[in-house]
Structures are given as C-alpha cells and as structure tokens.
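The structure appears below as structure tokens.
The values are calculated or read from the model by the stated rules, or taken from the named source; none is laboratory data. Everything numeric here is computed off the predicted structure, so don't read it as measured data. Here the Cβ is made from the backbone with ideal geometry for all residues, glycine too, and neighbour counts use every protein chain on show. For accessibility, only protein heavy atoms count, side chains too; no ligands or nucleic acids. Shrake-Rupley method; radii C 1.70, N 1.55, O 1.52, S 1.80 Å.
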Amino acid sequence: MTTTPDWIMIGGDGPESYNQQSSYQRALLEATKDKMTEAISANLDLDLISNRFIVADFGCASGPNTFVAVQNIIDAVEEKYRRETGQNPDDNIEFQVLFNDFSLNDFNTLFQTLPPGRKYFSAGVPGSFFERVLPKESFHIGVMSYAFHFTSKIPKGIMDRDSPLWNKDMQCTGFNPAVKKAYLDQYSIDTKILLDARAEELVPGGLMLLLGSCLRDGVKMSETPKGTVMDFIGESLSDLAQQGVTEQDKVDTFKTSIYFAEQGEIRQIIEENGKFTIELFEDIIHSKNEFPLDPKTLAISFKAFYGAFISAHFGVEVMRKAFELVEIKAREQISRLHNAKAGMQYLIVLRKN
C-alpha cells in the first residue's frame with residue numbers, strides 16, 4: 001500500500017493559517033458545549049475525579065479550537081464535581097492536558113497561544129492517531145475534533161491504472177462502488193486500530209468525545225458541499241497540469257488519505273470493535289452547519305486544511321495557484337454548491353467498556 005505525507009494544518013498565525021481559518025470547526029465545539037456537559041455529567045463516574053484529572057486531545061493542530069474543546073471538558077468536570085460533592089474543584093483537582101498530533105504539527109504556535117489564566121498544566125505528545133502514544137490507562141477523557149476521518153494509507157490498487165480500483169479522482173467520491181469499498185475497508189481497519197489504542201490509554205469507564213463531519217446514510221461524498229470543493233481542488237490541479245505548471249503523473253498519483261464515512265458505517269465499526277459503548281450519537285445543527293458558500297472563504301478555509309498536504313506533493317507554488325483556481329471555480333459554479341446535499345456534523349460520546 002502507498003503511504004502518504006502526514007496530515008498537518010498550515011501553521012503559524014497568518015491570515016491563511018489553521019489558527020485563523022478554523023471558525024467552521026469551532027462552531028461545532030460551541031454548538032455542542034451543552035450536550036458535552038450533559039454527557040459528561042451523565043456518564044462520567046465521580047470516582048474517576050480524583051486529585052489529578054487528565055484530558056487528551058488527539059489531533060490538536062495549532063489551536064485555537066483545541067483550547068475550546070479542553071476547556072469545555074474541564075468546565076463540565078468541575079460542574080459535576082461541584083454539584084455532587086459540594087466542594088470547590090480548584091482546591092482538590094489538578095487538571096492536566098495532553099495535546100497530541102503528528103510530529104510535524106506546529107506545536108510552537110500551539111504553546112505560544114495557550115490561553116492566559118488557564119487552570120491546567122499542559123504537554124505536547126507527538127505521534128500518529130493509529131498507535132499508542134500515551135501510557136496505559138493514563139487519561140480520563142479524550143477528544144478528537146475533525147480527526148476521525150483519516151486513514152493511514154491509500155487503499156491498494158487505487159493508484160494503479162491497470163487495477164479495477166483505479167480512481168482518477170483525488171478523493172473517494174462514492175460513485176464507484178469498488179473504490180468506495182476499498183476506502184471503507186481501509187477506514188474500518190484504521191478506525192479499529194485507533195479505537196484499540198485509545199481503549200488501552202483510557203482509564204476504565206473513561207470517555208472519548210468525537211466531533212466531526214460524516215455523510216448521511218446513502219449520500220455520496222461528491223454530492224455534498226465539502227465533496228464539491230474537493231472536486232474543485234482536483235480539477236484545478238488537472239488544469240495546472242494541462243498548462244504545464246505541474247506534471248500529469250503527479251496529479252494522477254495524488255490521493256487523499258481520508259474517508260468521510262456514512263453515519264451507519266461509523267456506528268457499525270464502533271459497535272463491532274466492542275471496546276466502547278456509544279452513549280450518544282447526535283446530529284448537530286447550527287448556524288455554520290456547512291461552510292459558508294462564499295468562494296473566497298471556501299478557498300481560504302480549504303487551503304488552511306489541505307494546503308500543507310498538497311504542498312508536500314506538488315510544492316508551495318502549485319498549491320497556491322490551485323487554490324486561486326478553486327476560488328474561480330466556486331464562483332463560476334456557485335449553483336452546484338447551493339444545490340448540494342447537506343453533510344452531517346456529529347457529537348459521539350463513547351464510554352470505555
């Protein structure tokens with residue numbers, strides 16, 4: 001199988017950085033705060049709240065959303081502790097936060113922008129989602145925000161022109177059943193490995209909170225606004241190859257190691273894994289349920305997420321030219337975006353069995 005570069009967000013604090021271009025992801029965190037609080041209150045055993053409480057964010061990127069996620073969790077734990085014990089958590093609990101992401105992640109920006117006045121100690125933990133990165137039974141609540149759709153590899157055959165699984169697109173559009181099955185099989189393998197790793201690291205009875213995007217059952221990726229913009233990226237790279245700016249072979253061998261699963265597929269994988277009980281699987285509707293359909297905003301937002309990955313394959317200049325074309329295509333085909341089928345954003349709460 002072909003390996004791919006690590007997924008990292010554009011670092012720093014510039015106008016095109018993930019730090020500045022992640023309001024869409026933050027909106028989900030803000031929309032789920034009350035539901036997260038309720039889920040923690042209902043499912044976290046008070047006996048787990050001792051003098052030290054550890055929260056881990058898997059896929060922290062460079063901020064600022066990770067700070068919102070961990071603070072929401074800490075607020076919920078403190079509220080439960082205060083309500084059920086009548087004691088002040090400030091007097092009895094030391095909170096520790098572990099920030100995990102790939103080793104090339106911009107941890108410098110992350111730690112330079114830690115919120116002032118925070119009530120927790122923190123440390124960075126580089127490493128892949130698909131391996132154990134923490135000691136056994138070391139944290140109490142984990143969170144993954146927009147990181148539950150990655151795969152570790154491109155499925156075998158996807159980039160082989162002589163294979164029935166040859167996929168000319170940069171993503172799994174969902175229209176070719178054989179390609180979709182190959183991606184789903186790889187996603188299932190990787191997700192089970194991920195769940196196994198988190199189950200080993202999580203204390204018994206601990207919680208994993210998963211926030212992100214998926215597909216509604218029966219909806220294909222390219223039928224959604226997100227999938228449409230990803231198609232614009234692929235089309236723009238092909239245009240640059242035709243212009244001689246990059247090589248066609250580079251375009252043909254560029255595939256994304258992500259799979260946006262259907263809601264039912266995610267549920268089935270978790271249940272078959274058996275390490276966790278699904279306590280909540282909620283469809284979250286809020287004001288930024290899909291990206292705002294503004295061509296410039298779409299191009300900048302997707303550049304913050306995909307830019308570093310594309311640069312690793314094509315170089316920075318090709319990446320920049322591609323997103324200039326993405327903005328043009330989004331403007332010219334805005335009706336395609338408006339007519340797309342809605343994706344789904346979710347909050348999943350898992351309790352370790």
(Q) Looking at segment 23-38, can you tell me whether even one residue there is open to solvent by 20 Å² or more (accessible area, probe 1.4 Å), at pLDDT below 85, in a loop (DSSP other than H, G, I, E, B) and of a type outside the set (A, V, I, L, M, F, W, C)? (A) no
Q) Which residues, counting only those in segment 80-115, are more than 28 Å from the chain's Cα centre (by Cα), more than 18 Å from His140 (Cα to Cα) and buried (at least 18 other Cβ atoms within 10 Å of the Cβ)? A) none
Q | Failed item, numbered, when Ile278 is tested on (1) touching a residue at least 40 places away in the same chain (Cβ under 8 Å); (2) under 20 Å from Gln171 (Cβ atoms) | A | (2)
(Q) Which of the helices (runs of 4 or more DSSP H) found entirely inside segment 209-327 contain at least 3 residues meeting this: aromatic (Phe, Trp, Tyr), under 27 Å from Asn176 (Cβ atoms) and under 20 Å from the mean Cα position of the chain (by Cα)? (A) 295-314
Q: Mind counting the residues in segment 88-145 that are closer than 23 Å to Ile189 by Cβ and part of a loop (DSSP other than H, G, I, E, B)?
A: 11
Q) Residues in segment 116-147 that are of a type in the set (S, T, N, Q) and at pLDDT below 95: how many? A) 2
Q: Give the residue, chosen from Ser311, Ser335, that is touching a helix residue (DSSP H, G or I) at 6+ places or on another chain (Cβ under 6 Å) and either over 30 Å from His140 (Cβ atoms) or open to solvent by 30 Å² or more (accessible area, probe 1.4 Å) (or both).
A: Ser311
